[in-house]
Amino acid sequence: MEKLSPKKHLGQHFLTDKQLAQKIVRTLQATQDSVVAEIGPGMGVLTQYLLPLYPQLRVVEVDPDAVNYLKSTFPELSERIIFQDVLKWNPAATLLPDSFLIGNLPYNISSPIFFHIIENRKYVKEGVFMIQKEVAERICAAKGNKTYGILSVLLQYYFDIKYEFSVPPSVFSPPPKVMSAVIRMVRKDRPEEEVDFSVLKNVVKTAFNQRRKTLRNALKPLVFESFEGDEHLYTLRAEALGIPEFITLAKNLKKES
């Protein structure tokens, strides 16, 4: 079967460097009996190295041409190709708890994919992803940094995240106009009752949507219970708060707000 032409509307940039593909696959710390799912395999440059290592590999692909290419190239994978938009994919239907994810994520929807992963974190013990370098730096940023934001707080609360290495545009077809990077994230053991994700997300997004304002003004749309000792938080801006402070705010958000 002929090679695929990247589709601009799907944000496709196919990795062409095989050594780099092997390096990305080696970054994933799964075992042979692990359930591994690859997001957006495209022409299978990662898939070819994942299949021999992980017999239970699944792939999630929305492009029908790519699905046909994968079936033709990797017939043993045919029954484990999930032909679906990753944002509509229900991991509970195809994965086991503590599965592993890997993929070269479409840059135009990488943030929604990460929110989807958080919501389904029970099924994601570890993930290795290639994304836009700017997004990777934002995800890994510490408080006080100008790039510290919504994804930084939410992903770092649920996962230990490491910036693994940078990737130049030249290893893709077509080359993107930006640098890329590979990150590895390992789920933390968080008590589910500590704070509800939807509540935490609401507080964090509201705070950063007006990041130049103090929290007293940025969080005006929300109503909090009064709590002693933490009133000083309202005098700060969102980027000055660490994860524990955001958890404090989320715990004190009134349910009816």
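What follows draws every value from the coordinates through simple rules; no lab data is involved. As the structure is a computational prediction, the values presented were derived from the model and not from experiment. With ideal geometry, Cβ positions are generated from the backbone for all residues, glycine too; neighbour counts draw on all protein chains shown.
By the gyration tensor of its Cα atoms, with a ≥ b ≥ c the square roots of the eigenvalues, what is the shape of region 197-251: rounded for a/c under 1.5, prolate for a/b over b/c, or oblate?
Here region 197-251 falls in the rounded category.
I need ASP63, ASP17, ASP33, ASP189 ordered by Cβ neighbour count within 10 Å, fewest first. Spell out each step's value before the answer.
On the way: ASP63 18, ASP17 15, ASP33 8, ASP189 4.
Ordered by Cβ neighbours within 10 Å, fewest first: ASP189, ASP33, ASP17, ASP63.
For the chain, what is the calculated [θ] at 222 nm in deg cm²/dmol (nearest 500), taking -39500 (n - 2.57) for each run of four or more DSSP H residues and dividing by its residue count?
Numbers: 10 runs with 81 residues, N = 257.
After summing the helix terms and dividing by the residues of the chain, the value is -8500 deg cm²/dmol.
Would you order TYR234, TYR54 from fewest to most other beta-carbon atoms within 10 Å of each residue's own beta-carbon?
Values: TYR234 14, TYR54 22.
So the ranking, lowest neighbour count to highest, is TYR234, TYR54.
If I model a spin label as a point 7 Å beyond the Cα along the Cα-Cβ vector, how far apart are those points for VAL199 and ARG211 in nm?
2.6
Under a point spin-label approximation (7 Å from Cα along Cα-to-Cβ), what is the LYS88-LYS177 distance to one decimal in nm?
3.0
Could you line up MET185, MET43, MET179, MET130 from fewest to most neighbouring Cβ atoms inside 10 Å?
Working: MET185 23, MET43 20, MET179 14, MET130 29.
With the fewest neighbours first, MET185, MET43, MET179, MET130 line up as MET179, MET43, MET185, MET130.
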